[in-house]
Amino acid sequence: MSFFYDYDFDQLPIEGGWGYGKDDAVVFTSDDAMECIGLEYEIAEMRSRFEVNALDDQHPEKDLYFESFHPLRQSLMEIDGTPYDVIEGEVTVLDDLDDDDNATKYRTECWFNIKSFFGKH
């Protein structure tokens, strides 16, 4: 179980978008690198859960269940002088809780603007 749900969203050191690209990146406002890096994976998983819930709402003829988010790669990019972490992962979705053979997998990436802490310590 993710510990992300223990957070008060208003208290997280983030602003910006949902991380679907550099222009929509999650922007960290804290200079605490360890806190922010840990949150990157939590946010990527949380966003994946929201995506599956949205898909489930769009397809009332079947039930979709988030099973997992597996990080595949973390990349550091610098674009126009701004550093970004990009978490690439694979999301597994089940349409039957009792049948893992019916799992659907898709790839996703989540962008984070890490200027607030990158290179500060």
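Summary table
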read-out	value
Residue satisfying all of: in the range 56-69; farther than 24 Å from residue 14 by Cβ and surrounded by 13 or more Cβ atoms within 10 Å (Cβ to Cβ); modelled with the lowest pLDDT among these	56
Pair list, Cβ under 6 Å, 6 or more apart: the range 92-116 residue part of a loop (DSSP other than H, G, I, E, B), other residue modelled with pLDDT under 90	95/62; 95/64; 95/102; 96/102; 97/65; 103/94
Members of the range 70-91 that are charged (D, E, K, R), more than 18 Å from residue 41 (Cβ to Cβ) and either part of a strand (DSSP E or B) or modelled with pLDDT under 95 (or both)	78
Every pair of residues 6+ apart whose Cβ atoms lie under 7 Å, when the first sits in the range 43-58 and is part of a helix (DSSP H, G or I) while the second is modelled with pLDDT of 90 or more and of a type in the set (S, T, N, Q)	48/108
Test: residue in the range 72-92 that is buried (at least 16 other Cβ atoms within 10 Å of the Cβ) and farther than 30 Å from residue 120 by Cβ	yes
Subset of the range 9-68 (residues that are within 18 Å of residue 107 (Cα to Cα) and among the hydrophobic types (A, V, I, L, M, F, W, C))	18, 25, 43, 44, 46, 50, 52, 54, 55, 64, 66
Qualifying residue in the range 43-57 (condition: hydroxyl-bearing (Ser, Thr, Tyr) and over 14 Å from the mean Cα position of the chain (by Cα))	no
Which numbered condition residue 2 fails, given (1) surrounded by 14 or more Cβ atoms within 10 Å (Cβ to Cβ); (2) modelled with pLDDT under 95; (3) in contact with a helix residue (DSSP H, G or I) (Cβ under 6 Å, 6 or more places away or on another chain)	(1)
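The values are calculated or read from the model by the stated rules, or taken from the named source; none is laboratory data. Being a predicted model, the structure only gives us computed values, none of them experimental. Here the Cβ is made from the backbone with ideal geometry for all residues, glycine too, and neighbour counts use every protein chain on show.
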